[in-house]
Every structure is written in structure tokens, then in C-alpha cells.
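Engineer: My questions all concern the structure below.
Values in this text are rule-based calculations from the coordinates and carry no lab data. Values in this document were obtained by computation on a predicted structure and should not be read as measured data. Positions of Cβ are generated from backbone atoms using ideal geometry, with glycine treated the same way; all protein chains shown enter the neighbour counts.
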Amino acid sequence: MRTIALALFVVVLWTEEVMSQSYVWEQVNHRFGGLTFYDVDFPNQDTGFVAAPPFVLRSIDAGRTWHKFELPLLTASHPEAVSFPTGRVGYAAGSTVLKTTDAGETWTRMQTVLNDKGGASHISSMDFGSEDNGWLMGTDWTTFYRTSDGAASLERRVAPCGACASVRYVNDSSVFVVGWGSSTFGMLGSLFGVAGYRPHGWSNFPRAAVDLEALDVEVASMRHIWVAGRRARRSGTQEYSNHIVFTHDDGATPWKEPITKLPWPITAIAFVDTLRGFFGDQAGDMYGTSDGGFTWEREYKGNAKQPIKDIAVKGNTIIAVGDNSLILRRSELVSVAEDVPTHHPTIRLYPNPTTGAVTVEPGPGPAQLIVVDVLGTFVMQLPAESKTTIDLSAFPPGMYRVIAQTSSAVRSETVAVVR
């Protein structure tokens, strides 16, 4: 037992060391000035694609350099969405759906995009889970397609929201769509999360009872879902509420909101796993979390002329794109600007490892403590003073994250529970 406890303690220390490493978002230099980069996808760590109408860009060195494909079919389609299920097979879509089988060197026109009245439309979001299976969503809510034959044909589906903004393919039977406005199915409110697609339509997914104009969704599993977008101003103030809601239990309990104040609408969100994630906002800033979304730290200060449009995560490759030809690449920090955080403040807790009882010292003044497990699932929340004991003996052995919010800071620390 002592050996196991020691091993777990080493894991805790290693985890803290990794999580305290500093990173920076570096702006990638290129010669594509003036374009808006709408969508980015990395099918593997080295190969990535960006929708930059009227072109498509490709990188084969993990986003360090980019090559522009300037072809008549791409120019005519004006693609705003890309999806590559493999490094060679992928799709670009705008007014038409195009397919490549040689990593973007050549393209084939598959389908013209039409709305339900037969008029011209435009694809703004799509996601393919395999070479044949994908979902495509248009700029108007009537344009919503499913394909199971590699876009050789497009099967029209009724959109589950009045104005859909983003689609996320999970598997052949589950897809999530978020947006705002009422739908033909009578779903009320502003936030839509839908799953479990069946031939006869959508099944409602438990949603957060908040006024959120949802712009993007990330799904780490069927239990871990984050929805980001634009919230209304708080009544009587000029401040916005937080712009993210998330669940770590399939929506079974009320959706959570971050502790960290997030002032700007969030335009893109992506997660590495159930704990580590990133978002970009309308102000062009990039934030990161290591506790499933409860707390966030700004990692890059941008500007409102380059709001973030999309983020791609594949292994160690993390790329964000935005307006005015913005491409950001996250890498280990070498030199750092003054306002880029270089560490994660910690709290004091002991004993660590523990068999159950843990004493937490969050710092001076009252605090709120939140405990989550290694998957980011909410465990408990309670008020705390300068020294508080919490009991984890009722929970399974493993690693837990203790997050403390005081009036001056948000801090966190990892504890191992052993038996």
C-alpha cells in the first residue's frame, strides 16, 4: 500500500509540473494578408487545413508554415468550412461541396448547396467523422444536410434550431448542433444541444436554462460537453455574464458556469481531453483551462481586429485562426510578454496523498472550494475560511482537483486519494 501511495504521489507531482509549464501563442508569419480564416482542421499532428476563401491553406509541419491552394473550383465555391477525416481525404464547402483525395492538390466538385426552396445557399459549418459520413450546415437554418456516401449525395434534414451555428460529429448515431432561436420542434430558449440522431428526427438534449446565443460546441464524450457563445448583458449594467456553460454528467444536473469572469463573447472552443481546453473570443484573446472549464487563464492578448474564428487540437498541435489572416500556434514558452501568465497559482493542502480528510488553506479571507475528479466531473462545492477540512473518503481512490476562489485570485491544486 505504501508503494502505491508513493507512486500516486509521484504522479501528482509530475502532473503539477506539467500543468505549471508555460506556453505561448505565437503568431505564424505568412504572406496571405487580408484574408479571413474561417475554419481549421488537423487530421493528424503534422497535417492541417484552413478555409480561407477563396482559397484553402495546407500545412505539413504542424502549422509552422502554410501553402495556399489557388484553384478555380475553390475560388468559385468560396469555401468557409473544411473537414478532413484523414490526412488525404477531406472536404471544403462554400456554395458547393468539394472533395479531395490527395491532401488538397486536386479537388472534385460533388454538390451544389441549395436551400429548401431550391435557391442558392452556402455551407458555414461541417464535420466528417469518416471518409463517407458527415453533416453540413448552411448560413440559413433551412440548409442542413447529412451524407453517408462521401458527399456523392446530400440528404436534407430539418434543422433542430432556428439559427444553427455549429455542428459536431460524435459518431454515426450522435451529432451535436448549437445555435439560437426556436425550432420547428417547439424547443424554447436560446441554447440547443441535440444528440442521438435517428431517422425520424432529433431527440432533445438537456440544455442549460441560460440566455446564450450559442456559437460553438465541443464534445469530449457523451458526458462532457461545453457550449460557448454570446450572453446578454446583465440587467442594469454594462457587463456581460460568462459566455460558457458546460456539463460533465450528460446534463443530468444543472449546467455549470466558470468561476473566472469572461468579459467577451466566445467564438471558438476546443478541448484536448476532459480537463484541458482552450477558447478564443471576440477580442482576439486566447484562454486555457486545466480543470474542465471551472477556471480560465488568458494565454494570449489579441485585438478586436482579429477575433478568433476556430481552434484545432490534435495531439501536441494546437492552432487557432481568425480575421485578417490570423494564425496562432501554441508552443512552449521561450520568452514571454508581461501580461502572459507563466504559472498556475496553487493552494496549500495536506496530507497529500490522503485516505480521505484533506486540510485546505486557500489563502487569506473567505473562499469558495470546488472539487472535480480527473475527468472533470463535479464532486462538491463548499465555502471555506483560511483553513478548512474536506472529506473525500466517500469517493473512489484517484486524483482530484481542488479549486479555490478568493476575492483576489483563483487557485488550484491536485490531491491523490488512496486506500
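Engineer: Take peptides 256-263, 289-296, 324-331, 350-357 and line them up by average Cβ neighbours within 10 Å, highest first, as a rough protection proxy. Mind showing how you got there, number by number?
Structural biologist: Working: 256-263: 17.6, 289-296: 24.4, 324-331: 19.8, 350-357: 14.8.
Highest mean packing first, the order is 289-296, 324-331, 256-263, 350-357.
Engineer: How much net charge surrounds Ala76 when only the other residues with a Cβ under 14 Å from the Cβ of Ala76 are counted, with Lys and Arg +1 and Asp and Glu -1? Walk me through the numbers before you get to the answer.
Structural biologist: Details: positive: Arg109; negative: Glu70, Glu80.
That works out to -1.
Engineer: Measuring from label point to label point, each 7 Å out along Cα→Cβ, what is the Thr359 to Thr86 span in nm?
Structural biologist: The answer from the label model is 6.0 nm.
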